[in-house]
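Undergrad: Here you go, one structure.
Each reported figure results from applying straightforward, stated rules to the coordinates on display, with no laboratory input. All values derive from a computational prediction rather than experimental measurement. Every residue, glycine as well, gets a Cβ built from its backbone with ideal geometry; the counts of neighbours run over all protein chains shown.
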Amino acid sequence: MTGRTHDMAAFTTLVGVMAFFPMPSITLSTAIVSLGANMLGGDMPDIDQPTGVIWHKLPLGTWYSRLFTPFLGGHRYISHSRVGIFLFGYLSWWGLTLISHVLLVDIKVVWDCFMIGFLSHLVMDTITREGVPWFFPIPIRIGIPPMKAFRVATGGLIERFLIFPGLIVMTGYIVYSFHSKFILLLHHYIR
Ligand SMILES: [Zn+2]
């Protein structure tokens, strides 16, 4: 999937989680940082390739990426697996605790939003032709549906004209269906 689709999928998943689970009371700064963390999490697994969105956002990122990406074993390897979930989950929590005294936000909420984005990325990549090595180090890429021919081509017509708009519609539908909860969130939860 492209970075744009991953960003949208991360947001759609976040909205879904917000609709179905009880929301903690958060500050506006936590809400803003959490939204950014959600997008970052949605792009993070592709840090294993020089064309990853995150590298393009960093100054000289594509240059550094060539030094860094071999350590993750290449594209769709460790960062696209359960090992990657634990590794990036641990590192991001560690990073957040380090900056928690300067960044005055609820780091538990920020971390949750980051991980929601991260997980959504792996789920979205699972429906692409290449699949995802969920059970790394077992070298098998899992894909849904099992027949490769029925899966989505990254950046192809299905992704651009069906999946991406579909995610927008789904987000709108969730917000519409649970609008009272989202209004309550804006009124009461965000202090
Ligand atoms: Zn990916």
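Undergrad: Helix check for the chain. Which DSSP H runs span at least 27 Å along their own axis by Cα, with a mean Kyte-Doolittle hydropathy no less than 0.5?
TA: 107-126
Undergrad: Collect residues whose amide H, placed 1.01 Å from N in the peptide plane, falls under 5 Å from the amide H of residue 136; neighbours closer than 5 in sequence don't count.
TA: Here the answer is 82, 83, since their amide H atoms fall under 5 Å of that of residue 136.
Undergrad: Amide H to amide H under 5 Å from residue 190: which residues, 5+ apart in sequence or cross-chain, H placed 1.01 Å off N in plane?
TA: For residue 190, the qualifying residues are 26.
Undergrad: For residue 41, what charge total do you get from the other residues with a beta carbon under 12 Å from its beta carbon, if Lys and Arg give +1 and Asp and Glu give -1?
TA: Net charge in that neighbourhood comes out at -4.
Undergrad: Right, something else. Straight-line reach from residue 108: which lysines have a Cα under 24 Å away, not including same-chain ones fewer than 8 places off?
TA: The qualifying lysines are 181.
Undergrad: Here is a further query. Considering Cα pairs under 8 angstrom that are at least six residues apart, work out the relative contact order of region 99-153 and quote it in whole percent.
TA: Numbers: 44 pairs, mean separation 13.7, N = 55.
That works out to 25 percent.
Undergrad: May I ask you to list the aspartates and glutamates whose Cα is less than 18 Å away from that of residue 57, ignoring any residue fewer than eight positions away on the same chain?
TA: Answer for residue 57, where 18 Å is the Cα cut-off: 7, 43, 46, 48, listed by chain and number.
Undergrad: Using +1 on the beta carbon of Lys and Arg, -1 on that of Asp and Glu, and nothing else charged, what's the dipole of the chain about the Cα centre, debye to 20?
TA: Charge dipole of the chain: 220 debye, to the nearest 20.
Undergrad: With an 8 Å cut-off on Cα pairs and a minimum separation of 6 or more residues, tell me the relative contact order of region 35-81 in percent.
TA: Reported as a whole number, the value is 38 percent.
Undergrad: When 1/r is averaged over all different Cα pairs and the result inverted, which Kirkwood radius in Å belongs to region 91-191?
TA: One over the average 1/r among Cα pairs gives 16.8 Å for region 91-191.
Undergrad: Any aspartates and glutamates with Cα under 14 Å of the residue 148 Cα? List them, leaving off those in the same chain fewer than 8 positions away.
TA: 125, 130
Undergrad: Still on this structure: How big is region 3-189 along each principal axis, measuring the range of its Cα positions in Å and listing the largest first?
TA: Taking max minus min along each principal axis of the Cα atoms, region 3-189 gives 47, 38, 30 Å.
Undergrad: Any idea what diffusion coefficient region 98-145 gets from Stokes-Einstein, in µm²/s, Kirkwood Rh on alpha carbon pairs, 10 °C, 1.306 mPa s?
TA: Translational diffusion coefficient: 125 µm²/s.
Undergrad: Please arrange 98, 72 by how many other C-beta atoms lie within 10 Å of their C-beta, fewest to most.
TA: Ranking 98, 72 by Cβ neighbours within 10 Å, fewest first, gives 98, 72.
Undergrad: Moving on. Please work out the FRET efficiency for the pair residue 147 and residue 23, using the Cβ-Cβ distance as r and a Förster radius of 41 Å; give the result to the nearest 0.05.
TA: Using R0 = 41 Å, I get an efficiency of 0.55.
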